[in-house]
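Structure record follows, encoded as structure tokens.
Read-outs: derived from the displayed coordinates by stated rules, not from any lab. All values derive from a computational prediction rather than experimental measurement. Quick reminder, even Gly has a Cβ in these numbers, built from the backbone with ideal geometry, and neighbours come from all protein chains shown.
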Amino acid sequence: MTTPEQYVQQKAAASGSSFYYAFLFLPKPRRAAITAFYAFCREVDDVVDEVRDPGVAATKLAWWRTEVAQAFAGQPSHPVMKALMPCTAEFGIEARQLQQIIDGCQMDLEQTRYLAFPNLAQYCHLVAGVVGEVAARIFGQTEPATTEYAHKLGLALQLTNIIRDVGEDAMRGRIYLPVNELQQFDVKAHELLNRVHSERFVALMKFQAARAHAAYDEALALLPPADRRTQKPGLMMASIYRTLLREIEGDDFQVLNQRVSLTPVRKLWLAWRVQALGRM
């Protein structure tokens, strides 16, 4: 029989995510906490990505809301919450934060377009900023200002995800690029849905990439020196994702018909370089 700890480990490893490489260098208690938390994020995210019927997905998210409330009342039933709950007091993980992450997934069920960047930024806050906030505490945050850094880094990572996944998201009928920016660059929604690569599309994507790079720069500037060592896993993520962003830029934003990714060996190298040399 699989233990809750084995379940979350398998969930984290199976995703093939870059996050997994950043966790490898953490001491065991912190690694256990971040693995359980990451598995929770995967579970609720998978509801939106894998359940085709919006009604069924909404019911599943409602179940997760109840599960979080019951878990914090001392009665977890899902293996993810059983693995996560022993870590909550030590690392300051709150029910409110988990519910906010579910709120972000709920937005995916209820809207497929964002009128302007402030609307998109609110979505990014819930699905990435709050994740960064929890992760920073697990990694060993000591300075209050590190929370602001974590939110900004979460935004940068999510904007990179959006750029990478434009084609895949379009196949699901979702466009995260703000409507007013599509209009600004004269890119029609149907062109994205039909995966039409044009000079206008490249111009639009250069604009998106510049915003993501600015968010990385702002995040790094916000990180207090006292927490630079504890926050190395986040810096590993920044290194891996920013390298991915540069690959996409170098490939002229060929993201409509393919998914650009880094090899596991390259991700491990980038993570190790931050761990050993402190370089990004």
| note | Dipole check, segment 138-237, charges on Cβ (K,R +1; D,E -1), about Cα centroid: among Thr142, Met171, Met205 the Cα furthest to the positive pole belongs to Met171
| query | Within straight cross-link reach of Lys152, meaning Cα distance under 24 Å, which lysines are found once same-chain residues fewer than 8 apart are removed? | reply | Lys206, Lys232, Lys267
| Looking at segment 28-112, which trypsin sites (Lys or Arg not before Pro) are in a loop (DSSP not H, G, I, E or B) and have at most 14 other Cβ atoms within 10 Å? | Arg52
| What ranking do 148-154, 53-59 get when scored by the average of other Cβ atoms within 10 Å per residue, highest first? | 148-154, 53-59
| What order do you get for 225-235, 111-121 when each peptide is scored by the mean count of other beta carbon atoms within 10 Å, highest first? | 225-235, 111-121
| note | Answer check: segment 1-134, Cα atoms, Kirkwood Rh, Rg/Rh ratio of 0.96
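Let me check against my output: what whole-number percent is the relative contact order of the chain, with C-alpha pairs under 8 Å and at least 6 apart?
Averaging sequence separation for qualifying contacts and normalising by length gives 19 percent for the chain.
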| task | Calculate the dipole size of segment 126-280 relative to its Cα centre from +1 charges on Lys and Arg beta carbons and -1 charges on Asp and Glu beta carbons; express the result in debye to the nearest 20. | result | 520
| If you place +1 on the Cβ of every Lys and Arg and -1 on the Cβ of every Asp and Glu, how big does the dipole about the Cα centre of segment 107-200 come out, in debye to the nearest 20? | 140
| For segment 95-101, what does the Karplus curve 6.51 cos²θ - 1.76 cosθ + 1.60, with θ = phi - 60°, yield as ³J(HN,Hα) per residue in whole Hz, taken in order and with x for Gly and Pro? | 4, 3, 5, 5, 5, 5, 5
| Over the Cα atoms of the chain, how large are the radius of gyration and the largest Cα-Cα distance (Dmax), in Å? | 18.5, 56
| query | Using unit Cβ charges (K, R positive; D, E negative) and no other charged atoms, how large, in debye to the nearest 20, is the dipole of the chain about its Cα centre? | reply | 780
